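Here, each number is a calculation from the coordinates, and none is a lab measurement. Small disclaimer: the values here were computed from a predicted structure and weren't measured. Because the Cβ atoms are built from the backbone with ideal geometry, glycine has one as well, and the counts that use them run over all protein chains shown.
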Amino acid sequence: MRRKLIQMVLLGCWALWLGAAPMARAGAAEKVALAVNGETFAKASAYLTQDTTMLAAKDYARLAGAAVSQPAAGELVIEENGQTLRLKIGQTAAFSGEQRIELPRAPYVDGGQVYIPLRAVAEAFGYTVRWQGSPPEVSLERSELRQGLTAMELLARSGQATAGYNTYRMQGELSYLITPPAEEQKALDMPDQLLIKSRLEASYQQKPLAVYTRQVMQRPVGVPEQAMPGEMTVESYITGDYLYFKLPEAGWVKQKNPLPADFWAQQQDIQSNPIKAMQQMREFGLLPSYENDAVQNGREYYVLTASLDPARFKDGLEKTRLQLMDLLLSVEKEPETMPERADAVARAQKMLAGMDFDYTYTVYINKQTLLGEIIDLDLQVEMPLPREGTAVAPAGTSPELHMQMKGHFMLEQFGQPFTPPDISGAKEVN
């Protein structure tokens, strides 16, 4: 039981870098495509019902960078850049400040989500809304700039500013809420949900590539000590040549990095070039938007929220995989390792293809330096649980693991020397 539980926890830990749950569907209404400032927002829960496009309030908050709250039962408040719109479930009257706005259809709740009439709400916040009937699509356009830059441009500039320092450190808190498959709960006598809190420290160096992470996870409530220690420390270290891991109750092990050095060099070049960075973000379905500016610890920040479109993200990964395979064939200096590298890439691709995810993060960008200094993330994942055949779940079955991750991180020590861990005794594994 102890080994199985720890494997599940580690799987959740490493899924942080991979992906996450589809949005609820609003009844049998017709799905409507949505584009924001020319960028497709494919995962949005937008539906045409009674000649009105209704959108999940959660999705509107993401695409507009707005704050959405429910201060009381049946009430919904949307706030952005000092403007407030108040709505009530089941009522067509809404108020922007003291001004009454008549909605074409009242907000309603479906599948645990609040749906709002998209055109009326978007126009109240300055969007130009256009409708196309075949296939049904709504496009929203609004010019919102900081320092003369769109949200996508500022995010790319921030990446360039960070790359200029070459190194930084990150620390913060990360929590996992894991819902194991029902058969696992029964077989391992574990709670129906596992809440795992952890502390994460990481150091990053761009050139030459070096990433070190140390995560200390607490035993979830309801899990006995014999199943999992009170604290469990997991460390990893990545270089252009090797992947190193230090698991609980074990020393360092290593294996060949499946991605060649030329691939990392290409990615580093992209991050340091705003035009290339924006192109890659679009290819991978990243949709950033501005939120209200903020002040934290006496520093002024631009605040951006970015959401990932799962379908476009997977398309981007497939394009990258094909480029990577060409790269492996053209630059492989160790021909005997090429099949192993290609197999590792294929396995990772297969794992990602089986995931459904919903990923959003918010970054606070220092107005003076353009460095991203604070990051909040919210990631929901549904993924097949890999296993060997057992009496509970024979080989070939794919019960799903449900997981939600929330994190809050501070980035600091930009440009300071990178200190690698002592991996001198690492044992090589296949």
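How far, in nm, would the chain grow between E141 and A42 when pulled straight, counting 0.36 nm per residue and subtracting the alpha carbon separation?
Computed gain between E141 and A42 is 34.0 nm.
Going down the list K197/K256; K276/K314; K406/K427, which pairs span over 22 Å between their C-alpha atoms?
Numbers: K197/K256 31 Å; K276/K314 19 Å; K406/K427 33 Å.
Violating the 22 Å Cα-Cα cut-off are K197/K256; K406/K427.
Once fully extended, how much extra length lies between Q368 and K276, figured as 0.36 nm per residue of separation less the alpha-carbon to alpha-carbon distance? Don't skip to the end; give the middle numbers.
On the way: separation 92, 0.36 × 92 = 33.12 nm, distance 2.34 nm.
My answer for the length gained is 30.8 nm.
Taking amide H positions as placed in the peptide plane 1.01 Å from N, state which residues far from N292 in sequence (5 or more) or on other chains have amide H under 5 Å from it.
The answer is N81.
Round to the nearest 0.05 the FRET efficiency obtained for Y242 and R299 when R0 = 51 Å and r is the Cβ-Cβ distance.
Numbers: r = 38 Å, r/R0 = 0.74.
Plugging the Cβ-Cβ distance into 1/(1 + (r/R0)^6) gives 0.85.
Would you please give the residues with an amide H less than 5 Å from that of L34, counting only those at least 5 places away or on a separate chain, with H modeled from the backbone geometry?
F41, V138
Under the 0.36 nm per residue contour assumption, what length would be gained going from the current alpha-carbon distance of K197 and Q413 to full extension? Kindly include the intermediate steps, with their values, before the conclusion.
Numbers: separation 216, 0.36 × 216 = 77.76 nm, distance 2.48 nm.
My answer for the length gained is 75.3 nm.
Over what distance in Å are the Cα centres of the stretch 240-314 and the stretch 122-149 separated?
One Cα centre to the other: 28 Å.
Per residue of the stretch 204-215, in order, report the coupling 6.51 cos²θ - 1.76 cosθ + 1.60 (Karplus, θ = phi - 60°) as ³J(HN,Hα) in whole Hz, putting x for Gly and Pro.
10, 10, 7, 10, x, 4, 7, 10, 10, 10, 9, 10
Pop out the ³J(HN,Hα) list for the stretch 70-77 in order, Karplus 6.51 cos²θ - 1.76 cosθ + 1.60 with θ = phi - 60°, rounded to Hz; leave Gly and Pro as x.
Listing the rounded values in order: 10, x, 8, 4, x, 10, 9, 10 Hz.
Show me, for the stretch 80-87, the HN-Hα J-couplings you get by feeding each phi into the Karplus relation (A = 6.51, B = -1.76, C = 1.60, θ = phi - 60°), rounded to Hz, glycine and proline as x.
3J(HN,Hα) across the stretch 80-87, in whole Hz: 7, 6, x, 9, 10, 10, 10, 10.
Quick one: if the Förster radius is 51 Å, what FRET efficiency do T92 and D422 give, using the C-beta to C-beta distance and rounding to 0.05? Don't skip to the end; give the middle numbers.
On the way: r = 66 Å, r/R0 = 1.29.
Using R0 = 51 Å, I get an efficiency of 0.20.
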